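Trainee: My questions will all concern the structure given below.
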Amino acid sequence: MVARQLVFDLPLRAAMGREDFLVTPGNAQAVTGIDAWRDWPFAKMVLTGPEGAGKTHLAHVWAAQAGARIINAVAITPADMDAPALVVEDADRIAGNRGAETALFHLHNALAHRGAPLLLTARDAPQRWGLCLPDLDSRMGQAGVLRLPPPDDTLLMALMVKLATDRQIPLTPAIVQYAAPRLERAAAAVQRFIAALDAAALAEKSPPRLRHAKAVLAQTPR
């Protein structure tokens, strides 16, 4: 039996530039809305979509354009009040947390007073967050909403190639063509597949092969 290499789960840096964001007919409207950020109503926008749809990536694209700082909704600090532009990630996850909701309310007002643009990411539109602070709920209801849908077939295949490139591993057309119809139509599923494929190949000190893809998919619940 060939000894298998011990594989460490090392942190990886994903490419987050505008040229790395994969534009398809399904997400083009959201991309156009982000690019038109100077025309946002009340200088604020909520970018929604399921996990892995590309919200964080597109938020980084906008942050580079607008010179924005990126923070999480549960980690707002007084220093954020003076930001020239801001991305607040996972805004919907603070629903019911009065302290976090109050912090976002004051942050919103500070930016609005200066006309500083604000982009929030969430899984759904503000009216579905279940906020307990009426004043914050009202402010969020004024924002425009852009939605990133789950990936279509074109994006699913392109996403496989991009994630493999981020990890600096070669991905053959045979692997892409075999895996695409067998994967769940969700970006998170593609991320898990590429991570498992990379680990399987590293364990054998080999580039990813079709047999690795078949083995990974055979162990993937549908």
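Trainee: Tell me, please, whether a residue that is surrounded by 15 or more Cβ atoms within 10 Å (Cβ to Cβ) and closer than 30 Å to residue 94 by Cα can be found in the range 164-178.
Mentor: no
Trainee: Mind telling me which of the residues 139, 114, 128 ends up being surrounded by 16 or more Cβ atoms within 10 Å (Cβ to Cβ) and within 30 Å of residue 76 (Cα to Cα)?
Mentor: Only one candidate qualifies: 139.
Trainee: In addition: When you scan the range 132-139, do you find a residue that is among the hydroxyl-bearing types (Ser, Thr, Tyr) and in contact (Cβ under 8 Å) with a residue 12 or more places away in the chain, even just one?
Mentor: no
Since every read-out is calculated from the coordinates, none of them should be taken as a lab result. Remember, it's a predicted structure, so these values are computed and weren't measured experimentally. Heads up, the Cβs are rebuilt from the backbone with ideal geometry, glycines too, and the neighbour counts pull from every protein chain shown.
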